[in-house]
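Taking it in order: structure first as structure tokens, then the write-up.
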Amino acid sequence: MKINIGINEKNLKLSVEMLTTLLADEMVLYIKTRKAHWNVTGESFMELHKLYESQYKQLEEAIDEVAERIGKLGQKSTGTMTEFLKFTTLKENPGKNHGTKETIQEILTDHESVITQLRKSIEVCADKNKDAGTADFLTGLMELHETIAWILRRYLA
């Protein structure tokens with residue numbers, strides 16, 4: 001069914017494309033954070049184990065919200081690992097288990113990449129697409145990623 005929410009079809013498509021990439025990035029980041037949670041070792045084991053768990057739970061909620069936002073714009077979200085890997089801008093490192101600082105740095109870098117992309121998407125949604133709802137939604141997600149990045153950065157200071 002075609003939706004009529006005051007955003008033309010071309011702009012809806014662009015918003016959904018940006019959200020699809022975001023969904024893929026959130027999934028890859030979620031998996032990387034889960035991997036960090038599962039494989040953390042060392043003197044800060046319990047602290048980092050709990051930190052990663054908190055962060056992947058936040059990402060899990062964000063993933064669901066991104067998929068639902070795509071639905072609100074009249075489209076179906078992707079939902080397979082093949083699709084996520086096709087659309088993600090983040091890189092995986094299969095077979096590599098980094099030390100604590102390297103793992104934190106890798107996850108931090110990914111959050112910063114997502115933040116940078118979110119800033120661009122917010123601008124496009126607000127200015128070009130006239131999609132204030134998605135711009136506002138993305139702003140909230142950007143703030144979540146900024147908080148997580150700030151916490152991770154503190155471990156590397």
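Since every read-out is calculated from the coordinates, none of them should be taken as a lab result. Since we're looking at a predicted model, the values are computed, not measured. Neighbour counts run over all protein chains shown; Cβ positions are idealised from the backbone, glycine included.
Please give the contour-minus-distance gain from residue 136 to residue 81: 0.36 nm per residue of separation, less the Cα-Cα distance, rounded to one decimal in nm.
On the way: separation 55, 0.36 × 55 = 19.80 nm, distance 2.74 nm.
Additional length available on full extension: 17.1 nm.
Please get the size of the charge dipole for the range 1-156, origin at its Cα centre, with Cβ charges of +1 on Lys and Arg and -1 on Asp and Glu, quoted in debye to the nearest 20.
It comes to approximately 340 debye.
So if we plug the beta-carbon distance of residue 101 and residue 60 into 1/(1 + (r/R0)^6) with R0 = 25 Å, what FRET efficiency do we get, rounded to 0.05? Write out the running numbers ahead of the final one.
Working: r = 25 Å, r/R0 = 1.00.
E between residue 101 and residue 60, to the nearest 0.05, is 0.50.
Can you tell me the orientation of helix 100-123 relative to the chain, as the angle in degrees between its alpha-carbon axis and the longest Cα principal axis, to the nearest 10?
Here the helix axis deviates by roughly 10 degrees.
Report, please, the projected area of the range 61-157 averaged over directions, based on the convex hull of its C-alpha atoms, in nm².
Mean orientational projected area (the range 61-157, Cα hull): 7.2 nm².
Roughly speaking, what is the centre-to-centre gap between the range 35-103 and the range 1-33 when only Cα atoms are used, to the nearest Å?
18 Å
Which links in 57/130; 2/72; 32/57 stretch past 22 Å when you go from one Cα to the other?
Distance filter (> 22 Å) returns 57/130.
What's the Cα-based Rg to Rh of the range 3-89, Rh via Kirkwood?
Values: Rg = 16.0 Å, Rh = 14.2 Å.
Reported Rg/Rh, Kirkwood definition of Rh: 1.13.
Expressed as an acute angle from 0 to 90° and rounded to the nearest 10, what is the orientation of the C-alpha long axis of helix 9-39 relative to the principal long axis of the chain?
Rounded to the nearest ten degrees, it is 10.
Please return the longest range in the chain lying between exposed loop sites, taking GluC sites (Glu not before Pro), DSSP loop only, at most 15 other beta-carbon atoms within 10 Å, and leaving the sites out.
So the longest stretch without any such site is 93-157.
In nm, give the distance between the simple-model label positions of residue 41 and residue 123, each being 7 Å from the Cα along the Cα-to-Cβ direction.
My value for the distance between the label points is 4.4 nm.
Report, to the nearest 10°, how far helix 45-72 tilts away from the longest principal axis of the Cα atoms in the chain, using its own Cα long axis and a range of 0 to 90°.
10 degrees
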